[in-house]
Amino acid sequence: MFLSNIDQLFNLDVETVHFFSAIESFPPSAVCDAIKQALQQLLVPYDFLAGRLKQHPEKGRLEVDCNGAGAGFVIASSEMTLEEIRDLTYPNPAFKNLVPTRSLKGLEDWPLMAIQVTSFKCGGFAMGLSINHTIFDGASAKTLLDNLASLAATGTLSVHPCKDRHLLSARNPPRVTFPHPELTNNIDGTFDASIEAKLFHLTPSDITLLKQKAGPAPTRFNAVIAHVWRCHAAAVTAATKTSTLLYMVHLRQRLRLPKSYAGCAVWVGNATATRDELLEGEFERAVESVRKGAERVTEEYVRSVVDALEIGKGEASMSGDLLVSSWWRLGFETVDYPWGSPLYCCPIFERKRGVAVFVPDVRGGSGGVNIYIAFSVEEMRRFEKMFYEFLK
């Protein structure tokens with residue numbers, strides 16, 4: 001199966017964990033059976049999920065060998081209760097144990113998707129997923145989970161996936177019609193044991209306040225991301241240096257792709273400002289920069305990106321000072337399984353410099369957002385100071 005040039009950039013495993021309360025009519029053993037059966041049914045319309053990544057020997061690009069090798073399924077148990085884990089929203093390194101872990105096997109030996117169901121002593125359970133990002137973006141992963149839940153409940157799909165990734169293939173001949181400064185490799189994004197990570201919370205009231213500071217009719221996302229960008233610049237950027245923000249822009253509507261497109265249909269919006277502009281200028285200007293960055297990602301811009309990657313063999317990486325990975329509006333927490341929606345779901349967090357992760361805060365139907373970010377101790381002190389000062 002062909003993988004687009006955008007798919008090629010995301011060759012990493014994305015790990016998520018979804019927690020569920022105990023329910024008498026669905027003990028963990030019944031849940032395991034239901035998920036396994038639904039996964040087996042899912043591999044008919046999503047047949048490529050049973051394949052393996054391989055590199056084309058002549059073209060040097062990744063593709064999926066639809067060889068029917070299968071998806072992974074693991075059953076596990078824990079002597080702990082969900083209550084003993086306490087705050088599920090806190091980025092707990094032990095959550096790594098709740099997802100299938102890649103072995104030392106090579107590229108062609110590891111499933112593109114694996115599920116682990118872990119039962120807890122209280123009767124609650126966790127569903128951990130490992131999915132290769134070349135296969136899905138957040139929106140198509142949400143559709144996959146909706147289909148898994150629907151198959152477990154009724155034996156039918158809720159949405160039929162569109163598997164035609166040639167909808168994002170390069171033009172012939174390629175035409176690069178825009179400069180693409182985001183296609184160089186400057187983002188750190190590496191694990192560093194010397195840095196610390198914290199979770200920052202914004203309540204709905206905080207978000208409303210940021211929107212009020214941001215001028216006429218900003219989106220909640222733009223107001224929050226501009227706030228985090230400003231605080232990040234205060235923590236790490238020299239006074240005369242510019243700061244470049246990257247954030248994902250969804251492409252299905254912009255490129256008139258089917259909503260059920262089963263692939264990576266995202267690209268980065270970017271905004272640039274100096275540290276002084278972000279700290280001393282009007283907050284409204286930072287929010288406007290974020291809005292304009294997303295507006296630049298037109299259909300022609302994306303086609304130009306795809307063609308630029310074609311010329312460069314699809315090996316370019318993204319360049320910026322801060323990359324925001326937002327799970328805030330994907331809706332994983334709303335998936336309606338036969339045993340109910342998750343108590344909480346989140347990616348497996350890793351301490352990476354230059355990366356901020358947004359996840360919804362679902363406690364009590366909050367409507368707020370949690371922001372996970374990592375810095376050195378001194379940088380974290382500056383970020384935390386500005387994070388709350390800017391809310392005053």
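The values are calculated or read from the model by the stated rules, or taken from the named source; none is laboratory data. The structure presented is a predicted model; accordingly, all values stated were derived computationally and were not measured. Cβ sites come from the backbone with ideal geometry, for glycine too, and all protein chains shown count toward neighbours. Quick note on the areas: whole protein, heavy atoms, side chains included, nothing else; ligands and nucleic acids left out. Shrake-Rupley method; radii C 1.70, N 1.55, O 1.52, S 1.80 Å.
If you look at the Cα atoms of the chain, you get an Rg and a Dmax of 21.2, 62 Å. For the range 342-392, the Cα-based Rg and Dmax, in that order, read 13.0, 36 Å.
Label zone (residue 83, point 7 Å along Cα-to-C-beta; backbone nitrogen cut-off 15 Å) within the range 1-43: 21-23. The accessible surface of the range 29-136, taken with every protein chain in place and a 1.4 Å probe, is 49 percent carbon and sulfur. The smallest convex shape that holds all Cα atoms of the range 4-90, its convex hull, gives 150 Å³ per residue.
If the chain linking residue 311 and residue 94 were pulled fully straight, counting 0.36 nm for each residue of separation and taking away their Cα-Cα distance, it would gain 73.9 nm.
The GluC sites (Glu not before Pro) found in the range 238-313 that occupy coil by DSSP, while having at most 15 further C-beta atoms within 10 Å, are 282. Summing Cβ point charges (Lys, Arg +1; Asp, Glu -1) relative to the Cα centre of the chain gives a dipole of roughly 600 debye. Filter 213/385; 96/211; 121/259; 96/241; 163/292 down to the pairs with a C-alpha to C-alpha distance above 28 Å, please. Table pairs above 28 Å Cα-Cα are 96/211; 121/259; 96/241; 163/292. Phi angles of the range 329-341 translate, via the Karplus equation with coefficients 6.51, -1.76, 1.60 and θ = phi - 60°, into HN-Hα couplings of 10, 6, x, 4, 6, 9, 4, 9, 7, x, 9, x, 6 Hz per residue; Gly and Pro are given as x. Can you check what the net charge comes to around residue 250, using other residues whose Cβ is under 14 Å from the Cβ of residue 250 (Lys, Arg +1; Asp, Glu -1)? Cβ neighbours under 14 Å give a net charge of +3.
Between residue 75 and residue 242, what is the FRET efficiency for a Förster distance of 51 Å, r being their Cβ-Cβ separation, to the nearest 0.05? Show your work: numbers first, answer last.
Details: r = 51 Å, r/R0 = 0.99.
E between residue 75 and residue 242, to the nearest 0.05, is 0.50.
Calculated accessible area for the chain comes out at 45 Å² per residue, all protein chains present (probe 1.4 Å; ligands, DNA, RNA ignored). Using DSSP to define loop residues, name the trypsin sites (Lys or Arg not before Pro) in the range 199-308 whose beta-carbon has at most 10 other beta-carbon atoms within 10 Å. Counting only loop positions with at most 10 other Cβ atoms within 10 Å, the trypsin sites (Lys or Arg not before Pro) in the range 199-308 are 256.
List the residues of the range 150-172 whose backbone N lies under 19 Å from a point placed 7 Å from the Cα of residue 256 along the Cα-to-Cβ direction. Residues 162-172 fall inside that zone. In order along the range 243-250, the phi-based Karplus estimate (6.51 cos²θ - 1.76 cosθ + 1.60, θ = phi - 60°) of 3J(HN,Hα) comes to 10, 10, 9, 10, 7, 7, 10, 7 Hz; Gly and Pro are listed as x.
Computed from label points 7 Å out along Cα-Cβ, the spacing between residue 201 and residue 10 is 3.0 nm. In units of the rule-of-thumb radius 2.2 N^0.38 Å, the range 219-278 shows an alpha carbon radius of gyration of 1.44.
Simple spin-label estimate for residue 384 and residue 58 gives 5.8 nm between the two label positions (7 Å along the Cα-to-Cβ direction from each Cα).
Qualifying GluC sites (Glu not before Pro) in the range 26-99, where qualification requires a DSSP coil assignment and no more than 16 other C-beta atoms within 10 Å, comprise 58, 79.
Using R0 = 35 Å, the C-beta based FRET efficiency linking residue 2 and residue 40 works out to 0.85. Rounded, prolate or oblate for the range 97-166? Axes are the square roots of the Cα gyration tensor eigenvalues, ordered a ≥ b ≥ c, and the cut-off for rounded is a/c under 1.5. Oblate shape, in that a/c is at least 1.5 and b/c is the bigger or equal ratio. Extension gain for residue 29 to residue 299 (0.36 nm times residue separation, less C-alpha to C-alpha distance): 92.5 nm.
Which peptide among 164-173, 32-41 comes first, and what is the full order, when sorted by highest mean count of other Cβ atoms within 10 Å?
In descending order of packing, they fall as 32-41, 164-173.
Using just the helices of the chain, give the 222 nm mean residue ellipticity in deg cm²/dmol: DSSP H runs with n ≥ 4 each add -39,500 (n - 2.57), and the total is spread over all residues, rounded to 500. It lands at -8500 deg cm²/dmol.
Which percent of the accessible heavy-atom area of the range 247-392 goes to carbon and sulfur, probe 1.4 angstrom?
Heavy-atom surface of the range 247-392 belonging to carbon and sulfur, 1.4 Å probe: 48 percent.
On full extension, the segment bounded by residue 65 and residue 102 gains 11.4 nm, given 0.36 nm per residue less the C-alpha separation.
Dividing the mean sequence gap of close Cα pairs (under 8 Å, 6+ apart) by how many residues the chain holds gives a relative contact order of 24 percent.
Mind checking the log10 I(q)/I(0) for the range 219-355 at q = 0.14 Å⁻¹? Debye, one equal scatterer per Cα, no solvent, two decimals. Calculated log10 I(q)/I(0) at the listed q: -0.79.
In terms of its C-alpha gyration tensor, the range 292-392 has an oblate overall shape, because the principal axis ratio a/c (a ≥ b ≥ c, square roots of the eigenvalues) is not below 1.5 and a/b does not outweigh b/c.
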